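For reference, the structure discussed in these notes is given below.
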Amino acid sequence: VGVETLLEVNNIEVIYNHVILVLKGVSLNVPKGGITALLGGNGAGKTTTLKAISNLLHSERGEVTKGSVKYRGTDVHDLDPADLVRKGVIQVMEGRHCFEHLTVEENLLTGYYTRTSGKAEMQRDLELVYNYFPRLKERRKSLAGYTSGGEQQMVAIGRALMANPETILLDEPSMGLAPQLVEEIFGIVKDLNEKEGVSFLLAEQNTNVALRFAHYGYILESGRVVMDGPAADLRENPDVKEFYLGMS
Ligand code: ATP
């Protein structure tokens, strides 16, 4: 049975400041209903790949100079990021990026801005987010700036959910979080995938945890995919074990 491909990145090259070649031909697919991991060490090019997909490189003087990015068969590489959101693709940036002076709930509601349906639906989606993140409901009136790192990561994912995503691009969800919280966040990602049908492309340095939750993985080194395969195979691969699992 053919699995539907949502996102198709084909041989992209990215150059920063007109001279620094950072992605040297990266290709990957995100199937509908899957959790796909983009792995690799610091500086391998994971964030650059996600930003190339969502057309967020311009502010960093980066440019896709070769290759294509397609979503459901349509070229999206020149789309305005808000239009990509309307197509169902939301990026959760590294480092969370909450609005610190807004409450948790106000932060969540900002995720709704691209939608045109009414208040009842907004309220329903807010309840859905609180259902997955009960802690956010408890803290809904707190200023986001006063919540913990783990709670801010939840706010960032919750805000993405408010946009009714088909696919979430999640950058380094484990960053700076204690192991127990990392497990909690990944557990929620898995639930969202299984129960809400959200597809994920997640960039992670923490290979160990990512390969336990993902279905498929791509390993990036210096801007190239050096290995890819089902997560179960990668977990058993001797090179992955030696170079990635031993360290994480
Ligand atoms: P990290 O876990 O640190 O985010 P990463 O795998 O996501 O790592 P990128 O952030 O994509 O890696 O960076 C890939 C390479 O591109 C690095 O060598 C980095 O120094 C370089 N780079 C990133 N942003 C820029 C920029 N705006 N200008 C120039 N070089 C950049």
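Computed from the coordinates by the stated procedures, all read-outs in this text should not be read as laboratory data. Nothing here was measured: the structure is a model prediction, and the numbers come from that model. Here Cβ is always computed from backbone atoms with ideal geometry, including for glycine, and neighbour counts include all displayed protein chains.
For Tyr216, the residues 5 or more places off, or on other chains, whose built amide H falls under 5 Å of its own are Ile35, Ala37, Ala231. Need one word for region 30-93: rounded, prolate or oblate. Basis is the Cα gyration tensor (sqrt eigenvalues a ≥ b ≥ c); a/c below 1.5 gives rounded, then a/b vs b/c decides. Judged from the Cα gyration tensor, region 30-93 comes out oblate (a/c at least 1.5, b/c at or above a/b). Comparing Cα centroids, region 138-154 and region 41-106 end up 23 angstrom apart. Residues whose amide H comes within less than 5 Å of that of Met227, counting only those at least five positions distant or on another chain, are Ile219 (H built at 1.01 Å from N in the peptide plane). Between Ser117 and Val226, how high is the FRET efficiency from 1/(1 + (r/R0)^6) when r is the Cβ-Cβ distance and R₀ = 30 Å? Nearest 0.05. Step by step, r from the Cβ atoms, then E = 0.10.
Volume per residue of the convex hull around the Cα atoms, evaluated for region 111-221, comes out as 119 Å³.
Entry note, region 61-195: relative contact order of 34 percent, from Cα contacts under 8 Å with a spacing of 6+ residues. Computed from backbone phi, the HN-Hα couplings of region 29-46 come to 10, 10, x, 5, x, x, 10, 10, 9, 10, 10, x, x, 3, x, 5, x, 5 Hz, rounded to whole numbers (Karplus: 6.51 cos²θ - 1.76 cosθ + 1.60, θ = phi - 60°; Gly and Pro given as x).
Rounded to the nearest 20, the size of the Cβ-charge dipole of region 105-162 about its Cα centre is 40 debye, with Lys and Arg at +1 and Asp and Glu at -1. Mean-square fluctuations from a GNM of the chain, with a 10 angstrom spring cutoff on Cα atoms, peak among Gly73, Gly150, Gly118 at Gly118.
Placing +1 on the Cβ of every Lys and Arg and -1 on the Cβ of every Asp and Glu, with nothing else charged, gives the chain a dipole about its Cα centre of roughly 340 debye. Report, for the chain, the % of DSSP beta bridges that are antiparallel, rounded to 5. Taking every DSSP beta bridge within the chain, about 60 percent pair in antiparallel fashion. Would you mind checking Lys190/Lys241; Lys32/Lys141; Lys51/Lys190; Lys24/Lys87; Lys66/Lys195 for any pair whose Cα atoms are more than 30 angstrom apart? In this structure, Lys32/Lys141; Lys66/Lys195 lie more than 30 Å apart at Cα. Given the options Glu100, Glu184, Glu121, which has the most mean-square fluctuation in a GNM of the chain, springs set between C-alpha atoms less than 10 angstrom apart? Maximum fluctuation in the GNM of the chain, among the listed residues, is at Glu121.
In the chain, the calculated helix contribution to ellipticity at 222 nm averages -9500 deg cm²/dmol per residue, counting -39,500 (n - 2.57) for every DSSP H run with n ≥ 4. For region 48-57, backbone phi angles converted through the Karplus equation (6.51, -1.76, 1.60; θ = phi - 60°) give residue-by-residue couplings of 4, 5, 5, 5, 5, 5, 9, 6, 10, 8 Hz, Gly and Pro being listed as x. Applying 1/(1 + (r/R0)^6) with R0 = 45 Å to the Cβ-Cβ distance of Lys195 and Val19, what FRET efficiency is obtained, to the nearest 0.05? Efficiency, rounded to the nearest 0.05: 0.45. Farthest toward the dipole's positive end in region 100-248, which of Ala160, Met122, Phe200, given Cβ charges of +1 (Lys, Arg) and -1 (Asp, Glu) about the Cα centre? Positive-most Cα among the choices belongs to Met122.
For region 151-248, a simple Cβ point-charge model (Lys and Arg +1, Asp and Glu -1, everything else neutral) yields a dipole of about 40 debye relative to the Cα centre. Using θ = phi - 60° in the Karplus curve 6.51 cos²θ - 1.76 cosθ + 1.60, the 3J(HN,Hα) couplings for region 70-82 round to 10, 10, 6, x, 9, 5, 10, 5, 9, 5, 4, x, 5 Hz; x is entered for Gly and Pro. Convex hull volume per residue, computed on the Cα atoms of the chain, equals 127 Å³.
Relative to the longest principal axis of the Cα atoms of the chain, the long axis of helix 149-161 lies at roughly 90 degrees.
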